[in-house]
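The values are calculated or read from the model by the stated rules, or taken from the named source; none is laboratory data. Bear in mind the structure is a predicted one, so any value in this text is a computation, not a measurement. Every residue, glycine among them, receives a Cβ derived from its backbone with ideal geometry; neighbour counts consider all protein chains shown.
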Amino acid sequence: MNIQKIPFSRARSYMALSDLEENYRNGGNQAGIHLRTVRGGAVSSIIAQIIPWSEGRALPYIYEATPEELILHTQKTEIHVCFADDKTLLIKTEGEPIHVMLKCVPKHPFFHYIYEIPCRDEIRYELNCFGQEVKYLIWAQEGKAEMTQVWEGCTAKDNQVLLTPEKGRLLAVIREVFSSWDGVEVKYQYEESLKRTAADFDEFARKMPSVPQRYEETARIASYVDWSAIVAGEQILPRDTMFMSKNWMTNIWAWDHVFNAVALAYHNPQAAWDQWMIPFDLQDVTGLIPDTTNNSKLDWNYCKPPVHGWALHRMMKVMELSEEQLAKAYDKLGKWTEWWLNYRDRDHDGICEYYHGYDSGWDNATAFAEQPPVELPDLQTFLILQMETMAELAEKLGRTSAQQMWLKRADTMKEAMLKYCFADDQPIAIHAGSHERIPTRCLILYMPVLLGERLPEEIRKSLVEGLKNGGYLTDHGFATEPPESPFYEADGYWRGPIWAPSTLLLLDGLEACGEHEFAKDVAERFCNMVKNNGYAENFNALTGEGLRDLAYTWTPSVFLTIAHDYFK
C-alpha cells in the first residue's frame, strides 16, 4: 500500500500514519512519515514526524505497508510499526541499533508540551496537543525514552522524544489518552498485536461483497480503506462509524455515509445499520439531520439530499431488520421526509427545492450556477423513493393506512415533478417560485431514471438516450458535466469528474429501466477505472486519474457493490 494515498490505520482508531510531502496542506512539516490525528475534523492533523536517527542525523529509508504493519527499511535496520489496539501504536527495531525520533511539527504547536508522568520505576511522557484535542502517552517498554523541548512561558517548542534501544532492543509505545493515564500497566507483545490486527482486518474483509477474481486484489485494498477509516463511537458520536477518509475528509457527511452502509449490508448487517443510522441519532426536533458529523462537532449550515430511503430499500434486499429497527427507521426517516416537505417548498408547488449546491451533495454543479433556490428532478426522485420506502416500512410494521398514505403522497409528488421538472420529455432545472428555466447540462438531471417503469415511456426513453448519447459517457463512466460543455473542468469537482455515488445511482436507474447490458458496460468501465487508479474521491472523466482525497470510502464501497452486483 502507498501511504501517501491511503493512511496506515486500523478500525476504531483516531490515529493514522501518512507519508506526507513537505508542508502538506500548509502544515509546516518536513517530508516523511507522520503520526496524525483524525479527531475533531482534523483542521491541523499532523502530530509528529517519525524519523530513523543516528549520530545526530536523519537516516534515509524506504517503507512497505500492509494492512497490519508498516516497516521502515534503513541500510542496516528495520523499524516495525503496528497497532496493539485502536488507541496504541507499537514501534520496535530490528538490526543494528539506531534511535527513533518523534519530532513534533512546529507550525501549529498551540500549547503543545511534554511532561513526565509518574509511573513507579518507568519514565513515561505525556504529549499534550491542545490544538488538536488529544494527548499521547509515550514510553519505552524495552529501551529508553528521553524528551527535549524549549519552554516558552505557557507552551513549548522543539518538542521531541528520542527512543533508544538498550541491549539491542527497542519496543516503544504511543498510546492515545482521553483525559489522563488510567494507571493500567500493560506489557505489550508485538507479534501477538500484529496477528490480532491481521485477524481483525481479515474478518472484516470476508464480510465485504465478493467480486470476480480479476478484481480480488482491488477489493482487498478497498476493504482496507473502509476498515481502516472506521472510528470508535466517542464523545458526540453514539456508535462506531466509518469516516469518509482518514486523509483530510475526516467526517461523516449526511449522504456519503449511506453508500458505505449499502456495501456493509450484504454480510455485516449490524455495521450497515450503524452506518445508516449515525446522522439520525443526532436528528433535531424539526427532522433535520446534521450535514457534517465527527467526534466533537456537528455542522447544521447545510443539509444533504434524502437518499436514505433509496439506500435503506436497497439494504433491506440483502439484510433483515428487527421490528425495533423497522420502527426506528420509520420514525427517523419519516421525520426527515417531513422536514423537506415542511421547510423546503417555499412556493407551495408540491415539489421541494435546494437552497444551495451543498444541499444536493453536488456542491458546485452547473445546476447551481444561478442563485438558488433551485428545483431539480433528482430531489423529487429521492423523496418519491423515500416515501415508497416509508410505505414498505409501514407494511412490514402492519400499518396499512400509513402505507397507503405514503404511496399516495409519492404519486402526488411524481405528478408534480413531471409537470415542473420536465419539458418536451427532457429533464430541466428551474428557479423556485418563477419556474424560469436554468441552462445546465449537469448529469444530476438524469436521476429520475431511478423511477424506471413508473415514468411515462417517452420520458424514460429520453433519459436513457441522454445517458447513452448526450455526451456524458466516457471510457471510464459518466462525467458529471459533458466534456464538450463550455463549463467542463477536468478537476472541476462536480463540473466534469466521475463520482462513485452518481455512478451507482444511475446504474440502479438503468437496471430499473431494463437497460441491463448498458448498465453492465458502464459498471465495467467504472470498476476498471478504480482498479487502475485507486480509491479517490472523484476521477478525471477522460483519463481516469484519481482526484482530491485519494482514499475516500464511498469509492471502495461503491466499487465493491458494483463489482458484486454486476459481475458476481
(message) Here are the criteria: (1) assigned to a strand (DSSP E or B); (2) more than 24 Å from residue 75 (Cβ to Cβ); (3) of a type outside the set (Lys, Arg). Tell me which single one residue 154 does not satisfy.
(response) (1)
(message) Quick test of your reading of the structure: residue 426 fulfils all but one of (1) touching a helix residue (DSSP H, G or I) at 6+ places or on another chain (Cβ under 9 Å); (2) among the polar types (S, T, N, Q); (3) assigned by TED's automatic domain parsing to the domain that holds residue 545. Name the failing condition by number.
(response) (3)
(message) I'd like the full set of residues that are of a type outside the set (D, E, K, R), surrounded by fewer than 18 Cβ atoms within 10 Å (Cβ to Cβ) and over 33 Å from the mean Cα position of the chain (by Cα), limited to region 380-415.
(response) 398, 400, 401, 402, 404, 405, 412
(message) So for region 122-140 (the condition being more than 28 Å from residue 299 (Cβ to Cβ) and in contact with a helix residue (DSSP H, G or I) (Cβ under 8 Å, 6 or more places away or on another chain)), does at least one residue qualify?
(response) no
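Yes/no matrix, rows are residues, columns are (1) touching a helix residue (DSSP H, G or I) at 6+ places or on another chain (Cβ under 8 Å); (2) closer than 24 Å to residue 83 by Cα; (3) in the same structural domain as residue 303 (by TED's automatic domain parsing):
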position	(1), (2), (3)
233	no, yes, yes
245	no, yes, yes
253	no, no, yes
257	yes, no, yes
262	yes, no, yes
265	yes, no, yes
270	no, no, yes
(message) If I ask for residues that are within 16 Å of the chain's Cα centre (by Cα) and either outside any strand (DSSP E or B) or of a type in the set (Gly, Ala, Ser) (or both), which ones from region 274-306 would you list?
(response) 274, 275, 276, 277, 278, 279, 290, 291, 294, 295, 304
(message) Looking at region 209-227, I want the residues that are closer than 12 Å to residue 557 by Cα and have a partner that is among the basic types (Lys, Arg) and at pLDDT 95 or above with Cβ atoms under 8 Å, at least 6 apart or on another chain. Which pairs are those?
(response) 218/531; 227/10
(request) Sort out for me the strands (runs of 3 or more DSSP E) sitting completely within region 5-59 that have 1 or more residues that are out of contact with any Gly (no Cβ under 9 Å at 6 or more places or on another chain), assigned by TED's automatic domain parsing to the domain that holds residue 133 and over 21 Å from residue 295 (Cβ atoms). (result) 32-37, 46-54
(request) Could you tell me which numbered condition residue 144 fails, if it satisfies all but one of (1) surrounded by fewer than 18 Cβ atoms within 10 Å (Cβ to Cβ); (2) under 26 Å from the mean Cα position of the chain (by Cα); (3) closer than 21 Å to residue 104 by Cα; (4) not polar (S, T, N, Q)? (result) (2)
(request) Starting from residues that are without any contact (Cβ under 8 Å) to a residue 24 or more places away in the chain and of a type in the set (S, T, N, Q), keep the ones in region 27-78 and report whichever is surrounded by the fewest Cβ atoms within 10 Å (Cβ to Cβ). (result) 75
(request) Please identify the pairs in which a residue from region 411-423 that is in a strand (DSSP E or B) has its Cβ atom under 8 Å from the Cβ atom of a residue that is buried (at least 21 other Cβ atoms within 10 Å of the Cβ) and not acidic (Asp, Glu), counting only partners at least 6 apart or on another chain. (result) 422/377
(request) State the number of residues belonging to region 197-226 that are out of contact with any Ser or Thr (no Cβ under 9 Å at 6 or more places or on another chain), closer than 21 Å to residue 270 by Cα and of a type in the set (A, V, I, L, M, F, W, C). (result) 1
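Sort through 127, 72, 89, 137 and tell me the only one that's closer than 30 Å to residue 253 by Cβ and either assigned to a helix (DSSP H, G or I) or at pLDDT 90 or above (or both).
Unique residue meeting the criteria: 89.
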